[in-house]
Amino acid sequence: MGNMVKLVGMNIREIRKKKKLTQEELSEKSGLQTSFLAGVERGERNITLETLDKIISGLEVDVKTIFSFNEISPDEYFEKKEILDLISNLLADKDLKETKLIYNLAKEIFDTFSTKH
């Protein structure tokens with residue numbers, strides 16, 4: 001599956017956990033089977049907008065929350081493209097000055113590491 005499917009699924013899981021809901025509870029609130037919902041959270045299911053709407057209703061959040069990946073922390077299962085998507089998402093609502101600051105900080109870090117090796 002694509003990066004977006006995986007990121008949305010992971011975000012659904014993080015939101016569900018923050019709301020202290022089990023998969024079974026969210027399944028009941030959204031009208032979806034628990035096994036199906038588990039597949040969505042693992043990024044194995046490419047869901048329709050109708051299904052996404054059911055999950056959003058069950059979580060009692062807005063659409064923007066589902067596509068805001070600021071709460072996801074990359075782990076060993078993430079590929080480089082997914083981490084780059086997370087970084088891009090973090091910077092999306094920042095102004096130009098903040099974005100340049102992050103770029104310059106990253107560049108300084110990389111320059112420091114490359115001179116040590």
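The values are calculated or read from the model by the stated rules, or taken from the named source; none is laboratory data. All figures in this text were calculated on a predicted structure; none of them were measured in a lab. All Cβ positions, even for glycine, are placed from backbone atoms using ideal geometry, and neighbour counts span all protein chains on display.
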* Which residues, counting only those in region 36-67, are among the hydroxyl-bearing types (S, T, Y), touching a helix residue (DSSP H, G or I) at 6+ places or on another chain (Cβ under 9 Å) and under 14 Å from G9 (Cα atoms)? -> T51, T65
* Only one of K116, K64, K107 that is surrounded by fewer than 11 Cβ atoms within 10 Å (Cβ to Cβ), modelled with pLDDT under 90 and among the charged types (D, E, K, R) -> K116
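Where residues in region 21-49 are of a type in the set (S, T, Y) and assigned to a loop (DSSP other than H, G, I, E, B), which of them is farthest from K6 (Cα to Cα)? Give the derivation first.
Going residue by residue through region 21-49, those that are of a type in the set (S, T, Y) are 22, 27, 30, 34-35, 48.
Subset that is assigned to a loop (DSSP other than H, G, I, E, B): 22, 48.
Working: T22: 19, T48: 14 Å.
That would be T22.
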* To do: For S88, state whether it is of a type in the set (S, T, Y), farther than 30 Å from L105 by Cα and assigned to a helix (DSSP H, G or I).
  => no
* To do: Would you check which residues across region 54-100 are touching a residue at least 40 places away in the same chain (Cβ under 8 Å), of a type in the set (S, T, N, Q) and within 21 Å of E25 (Cβ to Cβ) and list them?
  => T65
* Structure fact -> Sole miss for L49 among (1) in contact (Cβ under 8 Å) with a residue 12 or more places away in the chain; (2) surrounded by fewer than 15 Cβ atoms within 10 Å (Cβ to Cβ) is condition (1)
